[in-house]
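Novice: One structure, as structure tokens, below. Some questions next.
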Amino acid sequence: MEPRNFDGGADRPRSAGAGQTGRVIVIGPYMRVRAGGADAQSESHVLRNAEARLEEAAGLARAIDLVIADALVAPISQIRPATYLGKGKVEEISGLIKSLEVELVVMDCALSPIQQRNLEKAWNAKVLDRTGLILEIFGRRAKTKEGALQVELAHLNYQRSRLVRSWTHLERQRGGFGFMGGPGETQIEADRRLISERISRLENELKKVQATRRLHRAGRQRVPYRVVALVGYTNAGKSTLFNRLTRADVQAADMLFATLDPTLRALNLPHGGKAMLSDTVGFISNLPTQLVAAFRATLEEVLEADVILHVRDIAHEDAEAQQSDVDAVLRQLGINPDDSGRIIEVWNKVDRFDSEQREELVNIAARRPSDHPAMLVSAVSGEGIDALLAAIEERLAAKRTTLDLSIDAADGAGISWLHRNSEVLAKELNDGRFDMTVRVDETKRDIVVNRFDAVPHHAA
């Protein structure tokens with residue numbers, strides 16, 4: 001459904017199939033940008049951005065199979081403490097809800113418990129804000145034990161502040177911690193006590209799972225494989241790129257948050273080396289803070305990564321805004337998005353440009369500073385993948401030392417140690433000795449030099 005601007009009583013056609021149940025209205029209550037002044041934006045630019053934001057919110061709703069009866073922008077000049085929207089808009093939307101006979105309203109903003117409760121009273125319908133909607137999606141997408149625990153923990157913390165006696169109209173619905181569930185017990189204090197107990201149990205379970213993940217990570221660190229992590233805005237094409245780079249079959253769909261749990265696969269580099277490639281959950285604007293905290297352990301693959309690929313949907317009209325949102329989340333995780341030695345910017349979906357647009361894009365990329373290059377790729381067609389792999393290999397090699405050494409062919413233990421603890425670039429048998437060229441981490445450089453009389457490699 002095309003999003004429309006709803007600014008004070010415009011005539012609105014009734015959507016087809018309004019008698020159906022389980023459908024929703026998506027509302028974008030976005031602040032107006034006042035005209036005039038040096039920093040003011042044009043009206044068309046503001047509307048385009050608002051519509052893009054609303055379409056994203058509608059995409060979030062569709063991601064959990066909600067049927068959208070209507071989607072509209074409701075411009076506001078200020079946020080009302082009681083209902084977020086002004087009284088007039090609340091009444092107008094109330095009439096729309098009755099005419100379309102919907103049961104759920106999605107507000108693309110963060111509502112306080114009071115605002116949510118008051119809107120539900122005024123509209124006689126369940127109201128879900130952006131945080132609750134994203135939590136619902138994560139709850140359905142999480143497959144691993146850790147992912148499920150983290151989602152439930154974030155959801156319980158979110159619900160604990162929203163226990164109110166007035167939500168009795170939900171009692172006929174099923175149980176569970178999602179928005180489709182009823183309030184359960186009517187005694188709020190009992191609910192809060194039970195939720196707090198469940199939160200404590202979840203936190204203890206998460207500590208055990210995280211300890212196991214640390215053991216797995218320590219095991220990988222003993223193997224000379226570096227970690228490359230994919231990050232980016234949701235639906236930027238990370239999973240498609242992951243599949244292209246690793247020949248894997250991770251779910252890749254034109255859907256927000258199609259991938260939630262992290263996936264690791266071996267990545268073959270151009271000159272025979274290997275790395276581990278990690279696909280992570282997509283970021284999004286206004287990502288709930290409790291989700292950033294809850295998924296910090298899942299995102300440890302990003303924190304520990306040697307190279308981070310920031311995948312951007314360069315064909316999206318809000319590509320620049322999406323980049324800012326991803327940079328903000330990286331900063332929350334303690335990662336400097338301007339670290340050119342660690343982060344490679346990948347401009348994905350170049351196949352969606354015609355020849356003239358592509359030439360302009362190439363020129364824009366060429367004008368970027370040499371220490372902040374942009375790799376133009378198409379994860380669908382494979383364009384630019386070889387150059388990206390070469391760039392990854394170059395970044396990884398910059399953090400390692402290449403050494404030459406000669407070892408007796410009978411020293412099986414030493415040869416085995418080198419294969420386990422370094423990247424063997426060349427190996428040639430001459431007069432009963434192996435002449436080897438290896439690449440090692442700085443942490444193991446002195447060991448190789450002292451044990452095998454290795455010397456710095458000099459290319460021919």
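The values are calculated or read from the model by the stated rules, or taken from the named source; none is laboratory data. Worth saying up front: this structure is predicted, and the values here are computed from it rather than measured. In this analysis, Cβ positions are derived from the backbone assuming ideal geometry, glycine residues included, and neighbour counts consider all displayed protein chains. The accessibility values were calculated without ligands, DNA or RNA, using every heavy atom of the protein model including side chains. Shrake-Rupley method; radii C 1.70, N 1.55, O 1.52, S 1.80 Å.
Novice: In the range 405-437, how many are in contact (Cβ under 8 Å) with a residue 40 or more places away in the chain and either crowded, with 17+ Cβ neighbours inside 10 Å or among the polar types (S, T, N, Q) (or both)?
Specialist: As a first pass, look at the range 405-437 and keep what is in contact (Cβ under 8 Å) with a residue 40 or more places away in the chain: 405-407, 420-423, 425.
Narrowing further to those that are either crowded, with 17+ Cβ neighbours inside 10 Å or among the polar types (S, T, N, Q) (or both): 405-407, 421-423, 425.
Total meeting the criteria: 7.
Novice: Among the residues of the range 45-101, write down those that are under 25 Å from the mean Cα position of the chain (by Cα) and assigned to a loop (DSSP other than H, G, I, E, B).
Specialist: A63, I64, D65, L66
Novice: Could you tell me whether the range 130-139 includes any residue that is open to solvent by 20 Å² or more (accessible area, probe 1.4 Å), in contact with a helix residue (DSSP H, G or I) (Cβ under 9 Å, 6 or more places away or on another chain), under 21 Å from N235 (Cα atoms) and modelled with pLDDT under 80?
Specialist: yes
Novice: From V326, V362, V346, which residue is part of a helix (DSSP H, G or I), of a type in the set (V, I, T), at pLDDT 75 or above and more than 14 Å from the chain's Cα centre (by Cα)?
Specialist: V362
Novice: Would a scan of the range 339-355 turn up a residue that is over 29 Å from A50 (Cα atoms), among the charged types (D, E, K, R) and open to solvent by 70 Å² or more (accessible area, probe 1.4 Å)? Explain how you work it out, then say what you get.
Specialist: Quick first cut of the range 339-355, residues over 29 Å from A50 (Cα atoms) only: 339-344, 355.
Among the residues that remain, those that are also among the charged types (D, E, K, R) are: 339, 342.
Add one more test, that the residue is open to solvent by 70 Å² or more (accessible area, probe 1.4 Å), and what stays is none.
No - not one qualifying residue is present in the range 339-355.
Novice: I've got another one for you. Counting only residues that are touching a strand residue (DSSP E or B) at 6+ places or on another chain (Cβ under 9 Å), open to solvent by 50 Å² or more (accessible area, probe 1.4 Å) and under 17 Å from L269 (Cα atoms), how many does the range 363-402 have?
Specialist: Result for the range 363-402: 3.
Novice: For residues that are open to solvent by 20 Å² or more (accessible area, probe 1.4 Å) and among the aliphatic types (A, V, I, L, M), tally how many sit in the range 143-152. I'd like the intermediate steps shown before the answer.
Specialist: Of the range 143-152, the ones open to solvent by 20 Å² or more (accessible area, probe 1.4 Å) are 143-145, 148, 152.
Next, only the ones that are among the aliphatic types (A, V, I, L, M) stay: 148.
The number of residues fulfilling the criteria is 1.
Novice: Conditions: (1) touching an Asp or Glu at 6+ places or on another chain (Cβ under 6 Å); (2) modelled with pLDDT of 90 or more; (3) open to solvent by 20 Å² or more (accessible area, probe 1.4 Å). R117 meets all but one. Number of the miss?
Specialist: Of everything listed in (1) touching an Asp or Glu at 6+ places or on another chain (Cβ under 6 Å); (2) modelled with pLDDT of 90 or more; (3) open to solvent by 20 Å² or more (accessible area, probe 1.4 Å), R117 misses just condition (1).
Novice: Now for a different question. Among the listed residues A258, A248, A236, which satisfies the condition of being open to solvent by less than 50 Å² (accessible area, probe 1.4 Å), part of a loop (DSSP other than H, G, I, E, B) and either touching a His at 6+ places or on another chain (Cβ under 7 Å) or modelled with pLDDT of 85 or more (or both)?
Specialist: Values: A258 fails: either touching a His at 6+ places or on another chain (Cβ under 7 Å) or modelled with pLDDT of 85 or more (or both); A248 fails: either touching a His at 6+ places or on another chain (Cβ under 7 Å) or modelled with pLDDT of 85 or more (or both).
Going through A258, A248, A236 in turn, the sole match is A236.
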